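Have a look at the structure below, then the notes.
The values are calculated or read from the model by the stated rules, or taken from the named source; none is laboratory data. Just so it is clear, the model here is predicted, and its values are computed rather than measured. Backbone-built Cβ (ideal geometry, glycine too); neighbour counts: all protein chains shown. The accessibility values were calculated without ligands, DNA or RNA, using every heavy atom of the protein model including side chains. Shrake-Rupley method; radii C 1.70, N 1.55, O 1.52, S 1.80 Å.
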Amino acid sequence: MRFLFKTDYEQDIQLAKHSGYIWSYGALLLAVLIVPFFLEEYYVGQMTQLYIMAIAGVGLMLLAGYTGLISLGHAAFFGIGAYTEAVLTGNGLALPFMDEPIVFSFFLSFPLAGIFAAIAGIAIGIPALRLVGIYLAIATFAFAIIIEEILSRWESVTNGYSGLLVESIYFGDFELTDGTPFYYLCLGVLIAVILFSLNLLRSPTGRAMMAVRDSEISAQSMGVNLAKTKTIAFALSAGITGLAGALFAHKLGFLSPESFTVLQSLELLVLVVVGGLGSMHGAVFGALFVLALPQGLAILKDYLPTQIAEVPGIEPLLFGLILVLIIIFEPLGIYGRWLKVKLYFQMFPLYKKATFKRQKSYMKSERLR
Amino acid sequence: MNLFTAENLAINFGGVKAVDGVNFEIKKGECFTIIGPNGAGKTTIFNLISRIYDVTDGRMTLDGQDITNTPPHEIAGLGIARTFQNIELFEHASVLQNLLVGRHCHTKRSLFGEGLFLPSVRKAELEHREKVEEIIDFLDLQHYRESLIMNLPYGVRKVVELGRALCTEPKLILLDEPSSGLNVEETQDMAFWIDDIKTDLGITVLMVEHDMGLVSEVSDRVLVLNYGRMLAHGTPSEVQNDPEVIKAYLGG
Ligand SMILES: Nc1ncnc2c1ncn2[C@@H]1O[C@H](COP(=O)(O)OP(=O)(O)OP(=O)(O)O)[C@@H](O)[C@H]1O
Ligand SMILES: [Mg+2]
């Protein structure tokens with residue numbers, strides 16, 4: 001057990017609460033920095049994919065986990081980011097008064113991908129201000145379908161279902177968007193996005209978001225502008241997801257509307273729920289889960305008796321089953337389980353099973369009058 | 001000197017006249033209490049003042065400024081804070097975070113400044129923390145700083161909610177049944193705090209309360225409400241002996 005002596009208010013503001021944070025996250029950082037030198041190219045690609053999913057996860061986590069607004073349409077922002085990136089760096093932006101379309105450098109197109117997605121986030125966020133829970137989920141769902149439709153119909157720009165080739169980004173002979181350089185780019189963006197979010201969450205705007213999540217009525221009475229806070233959350237969430245989309249475009253190399261369907265939205269929601277709503281760790285754990293599970297299932301299939309393994313649709317079935325089990329037995333997701341395992345080793349051998357049993361607390365109505 | 005006035009305040013919900021032509025003014029520095037049987041419209045008056053509901057008729061002023069149409073999120077900044085009858089805390093956040101949200105109306109916010117946690121943001125955070133610590137000391141909440149609200153017993157939650165309202169540094173604090181659900185000692189503490197809020201912090205108190213013991217102990221003037229209408233108005237002992245009031249409470 002670690003005992004923390006707090007002697008300064010600074011200590012509560014610090015992201016690294018004690019030296020243990022610096023050691024463990026330092027070690028993790030070192031590990032992910034050197035890992036491309038030891039892994040085969042395929043696995044470097046997989047790790048890159050993991051970071052991209054985690055970035056999108058952080059985006060949705062800010063909205064669903066911290067502001068309490070469930071979105072079933074995040075594939076739309078992902079798609080807007082991806083297509084913006086592909087179009088701006090590829091064919092370029094054709095303006096009526098210009099002879100040649102403008103092709104953007106990656107350093108401009110990448111932020112623009114985030115900004116366009118953020119604008120789309122505001123566009124859906126404002127009409128959705130009065131909606132909560134399932135109604136909001138349905139509205140965002142409808143929005144995602146509209147965007148998917150636009151991506152497939154606006155052929156002059158998106159090339160529809162024929163698909164759009166994504167140009168690689170070169171600086172001289174150096175290719176940024178492939179292999180190890182791309183790995184570091186995605187890692188860097190992920191770290192930046194996580195730090196930005198953590199900073200926000202220890203500042204007034206982040207606290208306002210959590211206040212809106214837990215009680216709109218009292219947030220409002222404390223001076224929180226609900227409409228503004230929700231709009232910011234939508235814009236930020238969509239913007240970050242858009243950045244992930246831009247990276248994803250380069251990862252895929254070829255875009256088609258089929259990559260940004262409702263299924264992708266669902267996958268993102270599963271990511272944050274399974275990872276653990278309301279924690280940044282959850283976004284990363286969730287991304288790991290979403291990527292590893294299908295592969296794990298494929299491996300598992302080899303060990304199942306053929307009669308079962310050959311059943312069509314066994315993979316989605318197992319996917320669903322695991323999902324349901326996690327939601328029932330670990331509502332805080334993988335991050336919640338991680339906390340328990342960590343405490344187990346910290347307390348060893350004195351771990352009490354009841355530590356995480358919900359303590360007696362009073363229901364809202366229990367002691368009224 | 002009047003801090004707050006309500007003139008001819010009224011609100012209808014469909015056909016129900018929840019509040020119907022209520023007039024009162026609260027003097028600076030006093031403790032003003034609204035009592036009345038269940039469903040009399042007491043909480044509704046609070047919701048009108050914090051602008052969660054729009055008035056059907058009437059007018060409210062704070063410090064001479066009309067607040068009848070002020071947006072709800074600006075009320076705290078003008079100096080009115082409140083607690084809720086059913087406790088509305090941020091359940092998944094710590095006591096410290098809850099109290100810091102109470103500082104929200106005094107914060108300057110910039111998305112990118114906060115995302116980068118610029119030195120100015122850090123400095124502001126520390127200043128807010130110091131203010132919050134004053135309230136923590138005032139309400140003896142030192143043991144609970146890091147606790148999540150959902151793990152706290154009911155009595156402590158009530159105190160945290162009071163603290164969160166105080167963190168906004170209000171001129172007028174609205175307390176909706178501060179003693180409901182508290183045991184005898186907790187009610188005693190609450191009475192002391194309300195008195196301290198009034199005399200030491202100089203904050204004007206408007207409360208709704210059923211416990212007449214507490215009411216006579218701390219309040220200067222009492223308004224009795226029944227079916228949304230004013231029944232009586234006066235010092236605690238005056239209204240307690242008012243035949244109309246006795247009749248309303250006994251259901252005569
Ligand atoms: N949002 C609403 N919609 C419809 N009717 C409402 C609404 N809010 C309050 N009322 C009605 O207004 C009346 C007064 O309610 P209010 O909550 O103000 O009572 P109260 O005096 O606070 O009672 P209690 O002592 O039980 O807290 C009740 O008849 C209630 O049903
Ligand atoms: Mg009430």
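Each Lys or Arg adds one and each Asp or Glu subtracts one; over the other residues with Cβ under 12 Å from the Cβ of B:Lys123, this totals -1.
Residues whose amide H falls under 5 Å from that of B:Ile67, counting only those 5 or more places apart or on a different chain, are B:Met60, B:Thr61, B:Leu62, with hydrogens built in the peptide plane.
Report, to the nearest 10°, how far helix A:280-303 tilts away from the longest principal axis of the Cα atoms in chain A, using its own Cα long axis and a range of 0 to 90°. That works out to roughly 80 degrees.
Go from 0 up to the bin containing the longest alpha carbon distance in chain B, width 5 Å each, and give me the % of pairs per bin. Each 5 Å bin holds this share of Cα pairs: 1, 6, 13, 17, 19, 16, 12, 8, 5, 2, 1, 0, 0, 0. Extents of segment B:94-167, taken as max minus min of Cα coordinates on every principal axis and listed largest first, are 38, 22, 19 Å.
Projecting label points 7 angstrom from Cα along Cα→Cβ for A:Phe107 and A:Glu40 puts them 3.7 nm apart.
Taking every alpha-carbon pair under 8 Å whose residues sit at least 6 apart, chain A reaches a relative contact order of 28 percent.
Taking the Cα centre of the protein assembly as shown as reference, the dipole from Cβ charges on Lys and Arg (+1) and Asp and Glu (-1) amounts to some 1000 debye. In a DSSP loop and with at most 11 other Cβ atoms within 10 Å, the chymotrypsin sites (Phe, Trp or Tyr not before Pro) in segment A:69-136 are A:Phe97.
Kirkwood radius for the protein assembly as shown, taken over all pairs of different Cα atoms as the inverse mean of 1/r, rounds to 27.3 Å.
Here's the picture: a label point sits 7 Å out from the Cα of A:Val32 along the beta-carbon direction, and within segment A:172-190 the residues with their amide nitrogen under 20 Å of it are A:176-190. Among the trypsin sites (Lys or Arg not before Pro) within segment B:5-49, those in coil by DSSP and having at most 15 neighbouring Cβ atoms inside 10 Å are B:Lys28. Taking a straight Cα-Cα cut-off under 15 Å and skipping sequence neighbours fewer than 8 places away in the same chain, the aspartates and glutamates within cross-link reach of A:Lys340 are A:Glu330. For segment B:178-183, backbone phi angles converted through the Karplus equation (6.51, -1.76, 1.60; θ = phi - 60°) give residue-by-residue couplings of x, 9, 5, x, 9, 7 Hz, Gly and Pro being listed as x. Estimated at the nearest 10 Å², the accessible area of B:Phe84 is 10 Å² with a 1.4 Å probe. Students often get this wrong: which residues of segment A:58-98 have the backbone nitrogen under 16 Å from the point 7 angstrom along Cα-to-C-beta of A:Arg153? Under cut-off, by backbone N: nothing. Between segment A:21-58 and segment B:193-235, what is the separation of their alpha carbon centroids in Å? Result: 61 Å between the Cα centres. Summing charges over neighbours of B:Thr56, with a neighbour being any other residue whose Cβ is under 13 Å away from its Cβ, gives -1 when K and R count +1 and D and E count -1.
The listed residues B:His233, A:His18 rank as B:His233, A:His18 when sorted by accessible area, largest first, using a 1.4 Å probe.
Electrostatic bookkeeping for A:Tyr183 treats Lys and Arg as +1 and Asp and Glu as -1; over the other residues with beta carbon under 14 Å from its beta carbon, the sum is -3.
Expressed as a whole percent, the proportion of Cα-Cα pairs in segment A:164-299 lying more than 25 Å apart is 40%. Using a Gaussian network model on chain A with a 10 Å cutoff between Cα atoms, which of A:Gly133, A:Gly65, A:Gly282 fluctuates the most? Between A:Gly133, A:Gly65, A:Gly282, it is A:Gly133 that shows the largest mean-square fluctuation.
The listed residues A:Leu255, B:Leu78, once ranked by accessible area (1.4 Å probe) with the largest placed first, stand as B:Leu78, A:Leu255. Using the Cβ-Cβ distance between A:Thr180 and A:Ser256 with R0 = 30 Å, the FRET efficiency computed as 1/(1 + (r/R0)^6) comes to roughly 0.65. Here the convex hull built on the C-alpha positions of segment A:98-195 has a volume of 174 cubic angstrom per residue. Checked against a 29 Å cut-off, the cross-linked pairs B:Lys131/B:Lys158; A:Lys342/B:Lys131; A:Lys228/A:Lys251 give Cα-Cα distances beyond that limit for A:Lys342/B:Lys131; A:Lys228/A:Lys251.
Approximating the spin labels as points 7 Å out from Cα along Cα→Cβ, the B:Asn8-to-B:Asn38 distance works out to 3.4 nm.
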